[in-house]
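The values are calculated or read from the model by the stated rules, or taken from the named source; none is laboratory data. Computed from a predicted model, the values in this text were never measured in an experiment. When we count neighbours, we look across all protein chains shown, and the Cβ atoms used for this are built from the backbone with ideal geometry, even at glycine.
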Amino acid sequence: VAIIGAGLIGRKRAAALNKHDKLLVIGDIDLKSAKNLASEYSCLHTDQVKDIVKNNQIDAVIISVINKYAAQLAIDMLHSGKHVLCEKPLGITSKESKEVLSTADNSGKIIKTGFNHRYHGAMMDAKKLLSENRIGKILHIRSHYGHGGRPGMEQEWRCSKELCGGGELIDQGVHIIDLCRWFIGEDVKQVYGRTLTSFWQSNVEDNAFFHLEFDNSV
């Protein structure tokens, strides 16, 4: 397995992966960051995507980079015959995301989005109770989620339209949407929503509000 992205999430994935599988390569555009993380797990490091693409010992790649670069990296890895776990979102537009999925279908390889909230203990317990019909059927779901914020946050990549693709909706809101789809088990048929920037001086939304109606009217 290889990891592309030696930042916070890449480090978490490396620590978890080290307990189960063989970590072969850490890749990052910052070679020093890649080297530092690789030294903790006695594996190779690189700042060249082609090194990972051409390495036939690698069966799967974990992509944990800034949103802007994730889709193309996922496509490159799938084309090279590797399974991919990509942090959300798969792309910063629906077109990008669909291209990743199409590439996976054509390659016969697995693409998995890092919707890790499904694996929180409370969520798994709730899903089990629901599947066993022990808590009845879902009538509606209400959720609130987001970042706490910190001084200077408006200067970070998360607040850049170019790098992130959006604000709270694409960063945290996708977890809510994913959990709703997972629990309800249906597709969304109607959406009403609004985004706004009410506090942080950035070109992405810091608030998003949406109402989803599913095929089963939940």
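Tabulated results
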quantity	calculated
Selection from the range 30-54 of residues that are closer than 17 Å to Ala14 by Cβ and outside any helix (DSSP H, G or I)	Asp30, Ser42, Cys43, Leu44, His45, Thr46, Asp47
Among the residues listed as Leu17, Leu24, Leu78, the single one being buried (at least 16 other Cβ atoms within 10 Å of the Cβ), closer than 16 Å to Lys112 by Cα and at pLDDT below 95	Leu17
Whichever residue in the range 84-105 is in a helix (DSSP H, G or I) and touching a residue at least 12 places away in the same chain (Cβ under 8 Å) and, among such residues, is nearest to Gly173 (Cα to Cα)	Ser97
Cβ-Cβ under 6 Å pairs, at least 6 apart or on other chains, the range 114-141 side closer than 24 Å to Gly10 by Cβ, far side of a type in the set (Phe, Trp, Tyr)	Arg118/Trp182
Subset of the range 83-109 (residues that are among the hydrophobic types (A, V, I, L, M, F, W, C) and under 15 Å from the mean Cα position of the chain (by Cα))	Val84, Leu85, Cys86, Leu90, Ile92, Val100, Leu101
Per-region count, the range 1-29, residues without any contact (Cβ under 8 Å) to a residue 60 or more places away in the chain, outside any helix (DSSP H, G or I) and within 17 Å of Lys82 (Cβ to Cβ)	7
Filtered residues of the range 111-139 (kept if hydrophobic (A, V, I, L, M, F, W, C) and in a loop (DSSP other than H, G, I, E, B))	Phe115, Ile135, Ile138, Leu139
